[in-house]
Structures are given as structure tokens and as C-alpha cells.
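Only one structure is covered here, and it is reproduced in the block below.
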Amino acid sequence: MLPIKFLNIHRQDRRVHKEILNKISNSIKKNKFILTNEVKEFEKEFADFCGTKFAIGVGNGTDALYIALKSLGLKKNDEVIVPAMTWKSTIVSVSNCGLRPILVDINKDNSNIDLENLKKKITKKTRAIIVVHLYGNPAESNEIKKIIKNKNIKIIEDAAQAHGAKDLILKKKIGSIGDLACFSFFPGKNLGAYGDAGCITTNYKKYYKKAISLRNIGNYNNRNKSDCNVVGINSRMDTIQSIVLSIKLKTINELNQKRIKIAANYNKNINNKNIKKLNYSIGSVYHQYVIKTKKRNNLIKKLKKNKIEYGIHYATSINKLRFYKNTFKELSFPNAEDLAAKCISLPIDPYLSKREQNKIINILNNFK
Ligand SMILES: *Cc1c(COP(=O)(O)O)cnc(C)c1O
């Protein structure tokens, strides 16, 4: 019995493997490695892909969030809203900027930020909301925009799990909805590099210029290298990663379509009263296919016995992270905590065969 893998990155990339190695080989012969034309080309391609004017390649998705927040020019202790279920990078970047994270519970059906809870958490000090498109499922941005209308609150999208997703209400690509958006190209994301990489997209020249400086130790154009106009960091996208990403970008729509098809099969055929499926909207790209069950331990045993890999995204809600526990101890986030206790991510590798999918469905449907 061959194991069913959660994700098989090499299988996804097989067709472009040679092209990637050739282009890297040609590039390193030029003796230029940092902020090269290859990086600029990828930035242009990724901005086009998202439908934004600008894209800024950075070291990883966590830095993208830090730099995007810094670009807003907020004051110490200004409040930034973060959903209570996300990857920890979202909240950590708020803290690293000296800003105050305010948690909002998630919606129990779609696992994105809950609109009613959001309304209650907005104060006079709220300056930004980080809208996370969790699992590749677009958050309700149209409603969020209505809630903050005329309030001087900026939106940063955390699009680390949503490359290529669409908001069909706003008729926009994810990454072009907020004031700035942040992407991660961690290898396991829908678009992944061969190491760490990330990107910020925006339509605003002022944020673009600030972010370009921030990623390069305060240097806007490389002409006067020793100068510094903001307190930046060193978080530049590697040339090698930009080459990998330019080539893989040509395949992402096709790979996303394959994920969408697998998800449709799961949506239609998983039927078990012990399992709750999440509501994904039509523009989702299914970075993860997550279900909830009270009997997670039993299900895990069954999956292990059948050699089916699985994931848990995530086992801890943000308010329960050890570092933040005291900060949020008076508050409760029942939906985020419930998801943490019950969630399990099924394999959704784009090349998962029909037979593998049906085996997974069978096991889920027969589990008590
Ligand atoms: C992966 C991820 C990040 C961080 O990206 P890195 O490239 O790993 O630093 C941030 N937010 C979310 C929601 C993510 O899934």
C-alpha cells in the first residue's frame, strides 16, 4: 500500500524542472545576484498576475507583512485587527512593528474574520485590519470595506495562502483589494519557491516607494547606496528564487484548477454526520481543504492506518499561543478555538489521482 502524500512538490514541478535549472545556470554566470533584472521581471509578472501596479519581492511572507505594516507609517500602539485563527506570522509582524494587535473571532462556517465580531472590535485607535484569506478562501472584503467606510482604517491582505484566488463580489484578484497585500512563496504554498521568498503588492506609489526602501536597509534606488532614508531591514528576494517563481508562475492557474476539481469531488462526496465541511466561496484556490470533526483522534488513527498523510492548520488559536496567552486571557474566541480543536486538512495535492481521492472519501464516509 503506497502512502498518499499530503503534498508532492517535485511532482508538481517536474515539467519545468529543467527550464528552472538552465535559467539558474545561465544567470549565475553573469556574476550578479542581488536585485537583478530577474527579480524585476518577476515583480512585473506578479503585479500583472494580481492586477496591481506594483509588486515588491522580499525575503519571505513574514517580512512582507512587517514591511507592509511599516509602510503605512502608523504610530506606536495604534491598533491593528488580526483574526484569531491564522498562521502566527500575521500577529507577530504587528508586534514587531510596535503596534497593538486586536483579535477578532472567525466565522464558524467559512473560517475567515467574523463581520459582527469585527464591528465590535473597531475603536477610535483602529488604524488597520489584516484580512487573511485563510486556506485560499477569500475573506468577505466587500463587507469589510463597508464596515470601515470613512473611518481612516487601512486594509492589508494576508494573501500568503491565496495566490490566484478571486473575489467574485468585488470582481478583483486577491492581492489587489487592500491598500497593500502580502504573499509568501514558502515551498508548500500554492506558488512556492525553492526556499524562502515573499512579495508585497499595491496600487499606491507612496507605499511602493516606502516598501522598496524598507526591504533594502532604507535605500530607495541603488544609486546612492550608502544613504538611508528610513530604518529598513535586509529582506530582498533572491535572484535564484525569482527565477524559480517566474517559471512556476506560468503553471499556477492550471495547478489551482486541479485543486478546485479535487475540492469539488470532496464537497460533493464526503457525507458523514461526524464531519463538518467548511464553506469555501467560488473564487477559492484551496490552499488547504479543511474539515472539522469532534472525533479528530479517531480519524487520525484511521488515516495513519491507511497511510494517508494529513495536516492540522492550526492546532492553536492565536489567543492561546504561549507568548500571547496573557495578553488575551480575559477574552474568548470560541469559533477559532473550536476550529483549532477539530480541524484536519485532507491531501489536496494537484496531482492526487482520482483513485486516491476516492479512497480518502471512502475512509471519511465510513468513519464513526
Ligand atoms: C505562510 C504564511 C505566512 C508567512 O509566510 P513565510 O513566507 O513562511 O514567512 C503568513 N501568513 C499566512 C496566513 C501564511 O500562511
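If you go through the range 43-83, how many residues are in a loop (DSSP other than H, G, I, E, B) and within 15 Å of the ligand (Cβ to nearest atom)? Let's see the steps before the verdict.
To start, the set of residues in the range 43-83 that are in a loop (DSSP other than H, G, I, E, B) comprises 51-53, 59-60, 72-78.
Within this subset, residues satisfying the condition of being within 15 Å of the ligand (Cβ to nearest atom) are 59-60.
Residues in the range 43-83 being in a loop (DSSP other than H, G, I, E, B) and within 15 Å of the ligand (Cβ to nearest atom): 2 in total.
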Mind telling me which of the residues 190, 216 ends up being more than 22 Å from residue 129 (Cα to Cα), surrounded by 18 or more Cβ atoms within 10 Å (Cβ to Cβ), within 16 Å of the ligand (Cβ to nearest atom) and of a type in the set (S, T, N, Q)?
190
Any idea which residue in the range 310-358 is most open to solvent (accessible area, probe 1.4 Å), counting only those that are of a type in the set (A, V, I, L, M, F, W, C) and without any contact (Cβ under 8 Å) to a residue 60 or more places away in the chain?
323
Scan the range 205-224 and report the pairs whose first residue is within 15 Å of residue 55 (Cα to Cα) and whose second residue is of a type in the set (Asp, Glu), with Cβ atoms within less than 9 Å and a gap of 6+ or a chain change.
207/179; 215/63; 220/227
Quickly run through the range 166-187 and pick out the residues that are open to solvent by 50 Å² or more (accessible area, probe 1.4 Å) and either within 12 Å of residue 136 (Cα to Cα) or more than 9 Å from the ligand (Cβ to nearest atom) (or both).
166, 168, 169, 171, 172
Checked the range 193-210 for anything under 19 Å from the mean Cα position of the chain (by Cα) and either near the ligand (Cβ under 9 Å from one of its atoms) or open to solvent by less than 20 Å² (accessible area, probe 1.4 Å) (or both); matches are 193, 196, 197, 198, 199, 200, 201, 202
Among residues of the range 92-131, those that are open to solvent by 40 Å² or more (accessible area, probe 1.4 Å) and out of contact with any helix residue (DSSP H, G or I) (no Cβ under 8 Å at 6 or more places or on another chain), counted
9
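With the condition kept exactly as written, say whether any residue in the range 293-304 is part of a loop (DSSP other than H, G, I, E, B), of a type outside the set (Asp, Glu) and on the phi > 0 side of the Ramachandran plot. Steps first, please.
First, pick out the residues of the range 293-304 that are part of a loop (DSSP other than H, G, I, E, B): 293-295.
With of a type outside the set (Asp, Glu) added as a condition, the list becomes 293-295.
Of the ones still in play, those that are also on the phi > 0 side of the Ramachandran plot are none.
Looking for residues that are part of a loop (DSSP other than H, G, I, E, B), of a type outside the set (Asp, Glu) and on the phi > 0 side of the Ramachandran plot, one finds none in the range 293-304, hence no.
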Options 126, 86, 90; residue that is in contact with a strand residue (DSSP E or B) (Cβ under 6 Å, 6 or more places away or on another chain), in contact (Cβ under 8 Å) with a residue 40 or more places away in the chain, more than 16 Å from the ligand (Cβ to nearest atom) and polar (S, T, N, Q)
126
Return yes when residue 108 is away from the ligand (no atom under 12 Å from the Cβ), more than 30 Å from residue 17 (Cα to Cα) and either of a type in the set (Phe, Trp, Tyr) or touching a residue at least 24 places away in the same chain (Cβ under 8 Å) (or both) and no when it is not.
yes
Can you work out which of the residues in the range 132-165 that are more than 12 Å from the ligand (Cβ to nearest atom) and polar (S, T, N, Q) is surrounded by the fewest Cβ atoms within 10 Å (Cβ to Cβ)?
150
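For the structure I just gave you, tell me whether residue 263 is under 30 Å from residue 48 (Cβ atoms) and out of contact with any Lys or Arg (no Cβ under 8 Å at 6 or more places or on another chain). Before the answer, list the steps.
On the way: under 30 Å from residue 48 (Cβ atoms): yes; out of contact with any Lys or Arg (no Cβ under 8 Å at 6 or more places or on another chain): yes.
So residue 263 passes the test.
In this structure, does residue 282 turn out to be part of a loop (DSSP other than H, G, I, E, B), in contact (Cβ under 8 Å) with a residue 24 or more places away in the chain and surrounded by fewer than 18 Cβ atoms within 10 Å (Cβ to Cβ)?
Working: part of a loop (DSSP other than H, G, I, E, B): yes; in contact (Cβ under 8 Å) with a residue 24 or more places away in the chain: yes; surrounded by fewer than 18 Cβ atoms within 10 Å (Cβ to Cβ): yes.
Here the answer is yes, as residue 282 does meet what is asked.
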Going through the range 37-74 in order, the residues found to be in contact (Cβ under 8 Å) with a residue 24 or more places away in the chain and charged (D, E, K, R) are 38, 41, 43, 45, 53, 63, 70
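The values are calculated or read from the model by the stated rules, or taken from the named source; none is laboratory data. Keep in mind it's a predicted model, so treat the numbers as computed, not measured. With ideal geometry, Cβ positions are generated from the backbone for all residues, glycine too; neighbour counts draw on all protein chains shown. These accessible areas exclude ligands, DNA and RNA; they are computed on the full protein's heavy atoms, side chains included. Shrake-Rupley method; radii C 1.70, N 1.55, O 1.52, S 1.80 Å.
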